[in-house]
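Coordinate-derived values only; no laboratory data. From a predicted model like this one, the values you see are computed outputs, not experimental measurements. All Cβ positions, even for glycine, are placed from backbone atoms using ideal geometry, and neighbour counts span all protein chains on display.
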Amino acid sequence: MRYSANQAGTTDPSKCLRCGTIGSRKLTRGILVEVALGFFVKGSFERFDFGAAPMLEINETNSGDEFSGAIGHDAEILRQITDLRVFHYGPNLWMLGHIEPLEDLQDQSRRRIIIARILEEYPTKILREGSELYRLRVNPDKPNDEKQYDSPPANKQGHGRFCRVGKPIMYASQDLETCIHEVRAAVDDRLYVATLRCETDLRLLDLTAIPTEQVTDFESLDLAVLFTFLAGEHAYKITRAIADAVEEAGFDGVVYPSYFSRLRSGAETVGTVFGMSARRHTLWQEQENRKVVRNLALFGRPLKRRKLSALGINSVMLERVEYHINLGPVGF
């Protein structure tokens, strides 16, 4: 916790009221609370197949739990200064993926019912003619050939979140940094980006929208879809089935939450207010929407079919990468 406190503190030549040190970095009560939230709560987040939750929480009303070692020492100092107590958090089971529509999506016999609801309850987004987007390639054979930026050939299909052999998908974004995250770029990769222009209106199903629901979190289609797209490769069988249905319904593609939304926005995508998902409160929905980074998946070969054109192709040089680090406890 000392590392986080030193990063957040301010240089102050005065004498510390607690330990008497002069000239060290100082914390106000407010900064200390933020440090404690980062260390104990954000630092104890655990991820599951679907969903995530902190294993520790802090507040002034809980009596707190006993911790040994350095964690117990830090927790006691926090209590003395702020009256905040650290305790083991028992997350709501919906945070761990126990959501009825999500469980149905994992069951092949019930999946089509939920996908039909997705098609009905999520809005259409029109990407207007003239809109621009980015398509990034890693180590292409002919980087100046615009055909290299269309959907991949048959021998390279079947590895992505939506595509399978015989169903080409173009992955793109209107956020260049997200493209770099998505391709898992390494230092020695040669990166090239095509700036693409829509030559016609594209009709997309927007899976990043928050649909209107009058249900509990355990019944939420919104949370089911969000958790599916923030999951790893084990969710691909679901996302591919969704893509098949969306394409059959006549859409040009989908807008979907990037797997890297948390790293790009810097915010946990599973926020709660009084134990309920913050996405369920209209007051918080705009803030929750900003946590999600949007990707595009376009069906077929939009460049070949002249739905898109390449305005230009450029090399991409990664000059600097910064990590915003948060430490957390272990062995509690």
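Relative to the longest principal axis of the chain, what angle (0 to 90°, nearest 10) does the C-alpha long axis of helix 236-248 take?
It works out to around 40 degrees.
Return the Cα extents of region 72-140 along principal axes one, two and three, sorted largest first, each rounded to a whole Å.
60, 39, 29
Separation between the ASN6 and ASP206 pseudo-spin-labels, each 7 Å from Cα along Cα→Cβ, expressed in nm?
A separation of 4.6 nm, rounded to one decimal place.
On the Cα set of the chain, report Rg and Dmax in Å, please.
Reported Rg and Dmax, both Å: 23.3, 72.
Residue-wise, which Karplus ³J(HN,Hα) couplings in Hz belong to region 198-214, taking 6.51 cos²θ - 1.76 cosθ + 1.60, θ = phi - 60°, and x for glycine or proline?
6, 8, 7, 5, 10, 9, 10, 8, 8, 8, 9, 5, 9, x, 6, 9, 10
What is the calculated FRET efficiency for GLU286 to ASP65, with r their C-beta to C-beta distance and R₀ = 22 Å, to the nearest 0.05?
About 0.05, to the nearest 0.05.
Please figure out what share of the DSSP beta bridges in the chain is antiparallel and state it in percent, rounded to the nearest 5.
95 percent
Give, in nm to one decimal, the length gained when the segment between LYS15 and PHE45 is fully stretched (0.36 nm per residue of separation minus the Cα-Cα distance).
7.3 nm
From the backbone phi of region 36-53, what are the Karplus-calculated ³J(HN,Hα) couplings (6.51 cos²θ - 1.76 cosθ + 1.60, θ = phi - 60°) in whole Hz, Gly and Pro given as x?
Once rounded to whole Hz, the list reads 5, 4, x, 6, 7, 8, 4, x, 9, 4, 10, 9, 10, 3, 9, x, 7, 7.
Enumerate the whole-percent occupancy of each 10 Å bin, from 0 to the last occupied one, for all C-alpha pair distances of region 2-90.
Result, from short to long distances: 16, 45, 28, 9, 2 percent.
If you add up the charges near PRO302, with Lys and Arg at +1 and Asp and Glu at -1, over every other residue whose beta carbon is less than 10 angstrom from its beta carbon, what do you get?
With Lys, Arg at +1 and Asp, Glu at -1, the net is +3.
List the residues whose amide H sits under 5 Å from the amide H of VAL86, counting only those 5 or more places along or on another chain, with H placed 1.01 Å from N in the peptide plane.
Under 5 Å from the amide H of VAL86 lie the amide H atoms of ASP65, each far enough along the sequence or on another chain.
What are the ³J(HN,Hα) couplings of region 59-65, residue after residue, when phi is run through the Karplus curve with 6.51, -1.76, 1.60 and θ = phi - 60°? Round to Hz, x for glycine and proline.
Per residue, the Karplus-derived 3J(HN,Hα) values read 6, 8, 9, 6, 6, x, 10 Hz.
Against the longest alpha carbon principal axis of the chain, how many degrees, from 0 to 90 and to the nearest 10, is the axis of helix 108-121 turned?
That works out to roughly 90 degrees.
Given that compact globular proteins tend to follow 2.2 N^0.38 Å, what is the ratio of the alpha-carbon Rg of region 207-332 to that value?
The reported ratio for this selection is 1.30.
For the chain, what is the mean residue ellipticity at 222 nm derived from helices alone (per DSSP H run of n ≥ 4: -39500 (n - 2.57); sum divided by total residues; nearest 500 deg cm²/dmol)?
It comes out at -8000 deg cm²/dmol, rounded to the nearest 500.
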